[in-house]
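In what follows, a structure is listed as structure tokens, so that the remarks can point back to it.
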């Protein structure tokens with residue numbers, strides 16, 4: 001596993017998804033601001049009012065965040081990201097969703113890890129999709145273990161993993177017509 005290569009390739013991938021006019025931000029400064037803002041109530045409120053994060057890669061402190069790299073990409077890039085990580089021996093640990101109701105979006109979060117040589121290296125990949133048409137390509141062809149994670153995420157959030165071989169109810173009854181982890185769900 002080549003950590004520098006992973007960082008370089010994911011950074012390049014995320015940059016491909018940026019709009020031409022998007023400003024380039026200093027990832028280190030952004031991480032420092034996020035860490036400092038946790039204890040400052042004004043900074044925390046300002047952070048909550050900010051728009052969704054732009055595509056890009058952030059290096060983070062594993063001890064504080066639980067991962068080393070945090071990558072925000074477009075939905076059509078998740079397969080490429082999975083291929084990059086698979087080629088470097090990373091395994092997928094989880095796929096889940098986050099409902100950003102106020103933004104009208106879902107965020108699909110992929111957790112990858114590698115423990116080769118006794119050293120932990122974790123990467124989180126995030127992609128946002130529209131709540132009205134929550135489609136994102138499946139990574140189950142690259143990582144067979146993603147099959148169940150994607151089914152669970154579809155079952156609970158209603159995020160459609162395009163190309164999934166068996167996208168059907170996993171935890172909820174077959175006749176269920178709702179997705180209980182959506183913030184607007186009412187029992």
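Every number in this text was worked out from the coordinates using simple rules, so none of it is lab data. Quantities reported herein were computed from a predicted structural model and do not represent experimental measurements. For neighbour counting, all protein chains shown are included, and Cβ atoms are generated from backbone atoms with ideal geometry for every residue, glycine included.
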Measure off 7 Å from each Cα along the Cα-to-Cβ vector at residue 7 and residue 132, then give the distance between these two points in nanometres to one decimal. 4.0 nm
Highest average packing first - 53-66, 131-144, Cβ atoms within 10 Å: 131-144, 53-66
Quick check: residue separation of residue 172 and residue 184 times 0.36 nm, minus the Cα distance between them. What number comes out in nm? 2.5 nm
Sorted from fewest to most neighbouring beta carbons within 10 Å, what does the list 76, 175 look like? 175, 76
Output the peptides 2-14, 81-93 sorted from most to least packed, where packing is the average of other Cβ atoms within 10 Å over each peptide's residues. 81-93, 2-14
Quick check: the distance between the Cα centres of the range 83-141 and the range 152-187, to the nearest angstrom? 17 Å
